[in-house]
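The values are calculated or read from the model by the stated rules, or taken from the named source; none is laboratory data. This is a predicted model, so every value here is computed, not measured. Positions of Cβ are generated from backbone atoms using ideal geometry, with glycine treated the same way; all protein chains shown enter the neighbour counts.
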Amino acid sequence: MRKIEHIGIAVADLEKSNELFARLLGKEAYKSERVEGEGVETSFFLVGETKVELLQATRPDSPIAKYLEKRNEGIHHIAFDVADIHLEVKRLKDAGFEILNETPKEGADNKLVVFLHPRSTNGVLVELCQEKNL
Ligand SMILES: C[C@@H](C(=O)O)C(=O)SCCNC(=O)CCNC(=O)[C@H](O)C(C)(C)COP(=O)(O)OP(=O)(O)OC[C@H]1O[C@@H](n2cnc3c(N)ncnc32)[C@H](O)[C@@H]1OP(=O)(O)O
Ligand SMILES: [Co+2]
C-alpha cells in the first residue's frame, strides 16, 4: 500500500458539507461525481497528496444511507492507493482479511475499488483503490 488515497466521510447533506469543508480546509472541492453502482454522490477535496471524499446517499439501500441510520455522520472509510489491486487482494485474502468484492468495481475519480469488511479490520472499513488505465 503506497499512501492514504482518501478518507471517506458520510454526510447527510452534500451541499451543506461542501460549504463546511471548504471553510475548514480553506479551498473548494475540485470535483463532484455520482457513482451509481455505490448509490453515492461524492465530492473531493485535495489536501496535500491525500483527498477527503464526502459521500451522500442517492438511494435508501446505499451503504451511506445505512451508515447514517446506524451511526450518523462521520468517518466512513479509509482508502489506500495500491499499484496492482489484483495482487493486493490476493495478498490480503491470503493474510486472512475478509474481502467484500474480489472483483474490483468502478469507484469515483477514475479508480477501481475493493472493500474489506470492517469486522476483519478492527472496525475500520478499508478501501483499496487503483488508478485506471495503468
Ligand atoms: C465511490 C467509492 C470511491 O471512493 O471511489 C466509495 O468510497 S463508495 C463508499 C460506499 N460503498 C461501500 O461502503 C461499499 C462497501 N460497504 C459495504 O459493503 C457495507 O457498507 C458493509 C461494510 C458490509 C456494511 O454493511 P451493512 O451495514 O449492511 O452490514 P452489516 O449490517 O452486516 O454490518 C456489519 C457491521 O459493520 C458495521 N459497519 C457498517 N458500515 C461500517 C463502516 N463504514 N465502518 C465501520 N463499521 C461499519 C455495522 O455497524 C455492523 O456492526 P455491528 O455488527 O457492530 O452492528
Ligand atoms: Co471511497
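Here are some notes:
- Condition met for Gly107 (of a type outside the set (Phe, Trp, Tyr) and at positive phi): no
- On the stretch given as segment 114-134, residues that are closer than 16 Å to Asp81 by Cβ and away from ligand 2 (no atom under 15 Å from the Cβ) total 2.
- Being closer than 21 Å to Ile4 by Cβ and either in contact with a Phe, Trp or Tyr (Cβ under 9 Å, 6 or more places away or on another chain) or free of Cβ contacts under 8 Å to residues at least 24 places away in the same chain (or both) holds for only one residue in Val114, Val52, and it is Val52.
- Total residues in segment 33-43 satisfying the condition of being near ligand 1 (Cβ under 9 Å from one of its atoms), buried (at least 16 other Cβ atoms within 10 Å of the Cβ) and not β-branched (Val, Ile, Thr): the figure is 2.
- Of the criteria (1) more than 30 Å from Glu15 (Cβ to Cβ); (2) crowded, with 18+ Cβ neighbours inside 10 Å; (3) at pLDDT below 95, which one Val82 fails: (3)
- Pair list, Cβ under 6 Å, 6 or more apart: segment 4-21 residue within 16 Å of ligand 1 (Cβ to nearest atom), other residue of a type in the set (S, T, N, Q) and assigned to a helix (DSSP H, G or I): Val11/Ser17
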